[in-house]
1. Expected output is a single nm value to one decimal: the length gained when fully extending between residue 198 and residue 15, i.e. 0.36 nm times separation in residues minus the C-alpha distance. What is it?
2. Could you compute Rg(Cα) / (2.2 N^0.38 Å) for segment 93-139, with N its residue count?
3. Once both labels are modelled 7 Å past Cα along the beta-carbon direction, what's the residue 54-residue 67 spacing in nm?
4. At what distance in angstrom do the alpha carbon centres of segment 430-446 and segment 25-101 lie from each other?
5. With +1 on each Lys and Arg Cβ and -1 on each Asp and Glu Cβ, and nothing else charged, work out how big the dipole of segment 277-357 is about its Cα centre, in Debye to the nearest 20.
6. Ranked highest first by the average count of other Cβ atoms within 10 Å around their residues, in what order do 114-123, 195-204, 61-70 fall?
7. Over the chain, with a Gaussian network built from C-alpha contacts below 10 Å, which listed residue (187, 140, 301) shows the highest mean-square fluctuation?
8. Quickly work out the residue 160-to-residue 352 label distance, labels modelled 7 Å from Cα along the C-beta direction, and quote it in nm with one decimal.
Amino acid sequence: MSEYVQKLMAQVKAKNPSEPEFHQAVQEVAESLDTVLQKHPEYRAAKILERIVEPERVVMFRVPWMDDQGEVQINRGFRIQMNSAIGPYKGGLRFHPSVNVGILKFLAFEQVFKNSLTSLPLGGGKGGSDFDPKGKSEHEVMRFCQSFMTELFRHIGPDVDVPAGDIGVGGREIGYLFGQYKRLTREFTGVLTGKGLNWGGSLIRPEATGYGVVYFTEEMLKVKGQTIAGKTVAVSGFGNVAWGAVSKVNQMGGTVVTLSGPDGFIYDKNGVKGEKVDYMLELRASANDRVKDYADKFKVEFFPGKRPWGVKVNVALPCATQNELDENDAKELVKNGCQCVCEGANMPTTLDGLKVFQEAGILYAPGKASNAGGVATSGLEMTQNSMRLPWSREEVDQRLHQIMKNIHHTCVETAERFGAKGNYVIGANIAGFLKVANAMLDQGLV
Ligand code: NDP
Ligand code: 2IT
């Protein structure tokens, strides 16, 4: 770590105590940018990175709602408006009991670079609540969403900030949020993405993140003269991203042998295929937080309390949540011959895990590059909303595919240009940074 990065990290930690995920995300990026900042003193002089780590705005609010028993409940709502240098703030909403400012700041920070990589005009933001959807009734979820939007609506807008889904927020929640936004503003606009198809949503958006991850994986394997066809794949999670990834791996002739949840992982040696993929949607909708139900239903092995990284596979796609793959997991994967790790979740690999992959020289893609297909397709949804014209499935999928190929090319080309051939972390961080940094320089001291 250079002196500059050390100093920056000391400042970030002192100013943002108790936010370990945010420190982790900043450190990964800052280390990657060392050579750029040395070559280009203008970024340092203008304190671009020091500005990027400071959110443009943080909104935190009370979300009161009443449960089915008539008891008052209070949650906390947030929106982090991180960076608007290249477009309106864009990024998902997460509803999970673990949500706090530090987690949302790490996600918003990652989102800035990811959105820059998509080549679309999207700034970065993230939001959510510590609301736990687990075990809540339909009515409770609706009342919560309505109360959440009753405050959030004054901070967002189709040209200001456009939220979408993330963990715990899918099509149903976006529907309730959109309905309330419309009542409050009397406007029907593309203020949220991930909308239903009958009211401004885009085809392929539900599948987009997972599809994009697999398109990116295919590009990485191509560099080594290989394809997904015939490969065994470990997937973690069982939510929206995992589902899209499993569907696309199947289409491309690979076999997914694991899924995971907070309760453990399942091993299905015949592959998560056909009706089993549809069953993933049921599991997610049940909000029971259990992947064991899959093992019971399809009579496959279940490993309670374990993560799927000890299984022998060619490819690993972590699609659940942050820091779900640590140094030991990474060593297990490498030892068992895994050749490619492509992140569907945001920051699923710890910094120590990441070093293991890099030292082993296997293909490794950071989420901000490989999971950008979700937000990119949200960008395409915004375009369709502005045109008031929906595109066909083929058109959206083809654009998504092209965007993922372009991001891959950008990562490879940038890494090589800055002397780090094959390092997707450095490629993604530098390319994502340059566009935002130059826009900030153009716009003066903002
Ligand atoms: P879902 O809510 O659909 O699924 C989340 C999955 O991760 C579930 O299996 C969930 O189980 C599990 N999970 C969540 N939190 C934890 C935890 N603390 N410990 C263990 N497991 C956990 O979310 P998505 O599929 O949308 O999101 C998955 C990942 O992908 C996240 O990192 C998200 O930020 C990222 N992502 C999502 C995009 C999108 O468009 N949806 C786009 C790009 C990235 P449970 O909830 O039951 O705990
Ligand atoms: O992490 C992410 O990129 C998302 N959750 C999707 C954000 C979006 O605006 O579609």
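1. Full extension from residue 198 to residue 15 adds 61.3 nm.
2. 1.41
3. Rounded to a tenth, the inter-label distance reads 4.1 nm.
4. Between the Cα centres of segment 430-446 and segment 25-101 lies a distance of 17 Å.
5. 220 debye
6. 114-123, 195-204, 61-70
7. Fluctuation is largest for 187.
8. Computed distance between label sites residue 352 and residue 160 equals 4.4 nm.
The values are calculated or read from the model by the stated rules, or taken from the named source; none is laboratory data. Fair warning: this is a prediction, and the values are worked out from it, not measured in the lab. Glycine also receives a Cβ, built like all others from the backbone with ideal geometry; neighbour counts cover every protein chain displayed. Accessible surface is based on the protein model in full, side chains and every heavy atom, while ligands, DNA and RNA are left aside. Shrake-Rupley method; radii C 1.70, N 1.55, O 1.52, S 1.80 Å.
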